[in-house]
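Notes follow the structure.
The values are calculated or read from the model by the stated rules, or taken from the named source; none is laboratory data. These numbers come from a predicted model, not from an experiment. Note that we place each Cβ from the backbone using ideal geometry, even for glycine, and neighbour counts take in every protein chain shown. Quick note on the areas: whole protein, heavy atoms, side chains included, nothing else; ligands and nucleic acids left out. Shrake-Rupley method; radii C 1.70, N 1.55, O 1.52, S 1.80 Å.
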Amino acid sequence: MWRPGLIIARYTVQEALRSRLPWLFVLAACAGLALAAFLQQLALTESGATQAAILSALLRLVAVFLLVSFVVFSLVRETADKGQELLLALPMPRAVYVLGKLAGFGALALLPALLFGLLTCWWAAPAQSALWAISLLGELWIMAAFSLLCALGLPHALPALAASGGFYVLARSVGSLQLLAHGNTGAHDGSRQAIAYAIDLLALLLPSLDHFTRSEWLLYATGNWHALGLVAAQTAIYVGLLATCALYDFYRKSF
């Protein structure tokens, strides 16, 4: 039964190859090397730390943006071209289509994780770069699953991209929002306490992406297997939840 899903995943990867997505990742890596050389000339002290901090954040954002954009535009284009309806007319469950797409997007996330992880070996220990790359892979899988949910539920690309971007920004910044909310909460300030409780609830619902692909792992070698275990657990939980939500929404749709 899962053979059609593997075929869908393979054709998803082939679509990415035809659209030159891997070359965009390679171009981003080359741009990162050029930026690193430029920063080395500007930084008077701790040039390696400056390069690692800026490039790790930049490469992470580029990887997420390119993968999310491909997921959204690929599914929206397939829906507009009636290719989705053609596939669903075949004798296979809808779950095979959704999970096959998710598997294809997950396979594509391996490329930027490996490529950018190797690039960080220029400024960090190989073990820390490996932890950073594995964490980036988990972050990309979560974003691919959420983008899949948005693209299947929203009819146009722009709302799906906006929702994915908002989710990513919130998941990345909710830890900082918690610190600000609790730091500014007075003992008798009911409105601020309500805001703090609302942010705490939001933090429970969102993945803690601020604990993923941390720059200090590359700067100070603080990454360890315990941190990676937390990343792996969150990745498994949220990818499973988002895939379940996508399946539920997709089964409710009528074609």
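Quick one: order Arg94, Arg60 from most to least accessible surface, probe 1.4 Å.
Arg94, Arg60
For Phe25, Phe146, write out the residues from largest to smallest accessible area, computed with a 1.4 angstrom probe and no ligands counted.
Phe146, Phe25
Ranked from the most accessible area to the least, with a 1.4 Å probe and all protein chains present, what is the order of His211, His156?
Solvent-accessible surface, decreasing: His156, His211.
What FRET efficiency, computed as 1/(1 + (r/R0)^6) with R0 = 45 Å and r the Cβ-Cβ distance, is obtained for Glu15 and His226, rounded to the nearest 0.05?
Between Glu15 and His226 the formula returns 0.75.
Starting from the exponent 0.38 and prefactor 2.2 Å, build the expected Rg for the chain from its residue count and divide its actual Cα Rg by it.
1.10
Leaving out ligands, DNA and RNA, what percent of the accessible area of the range 112-237 is carbon and sulfur, probe 1.4 Å?
73
Would you mind getting the accessible area per residue of the range 15-160, heavy atoms of the protein chains only, 1.4 Å probe, in Å²?
On a per-residue basis, the range 15-160 sits at 45 Å².
Once you sort the root eigenvalues of the Cα gyration tensor of the range 154-255 as a ≥ b ≥ c, which label holds: rounded (a/c under 1.5), prolate (a/b larger than b/c) or oblate (the other case)?
Note, shape of the range 154-255 comes out oblate.
If ligands, DNA and RNA are left out, what is the accessible area of Leu27 with a 1.4 Å probe, given in Å² to the nearest 10?
Spelled out: Leu27, probe radius 1.4 Å, area about 110 Å².
Could you give the nm distance between label points at Cys30 and Arg77, where each point is 7 Å from its Cα heading toward the beta carbon?
The two pseudo-label positions are separated by 2.2 nm.
Subtracting the Cα-Cα distance from 0.36 nm times the residue separation, let me have the gained length for Phe38 to Ala198 in nm, one decimal.
53.3 nm
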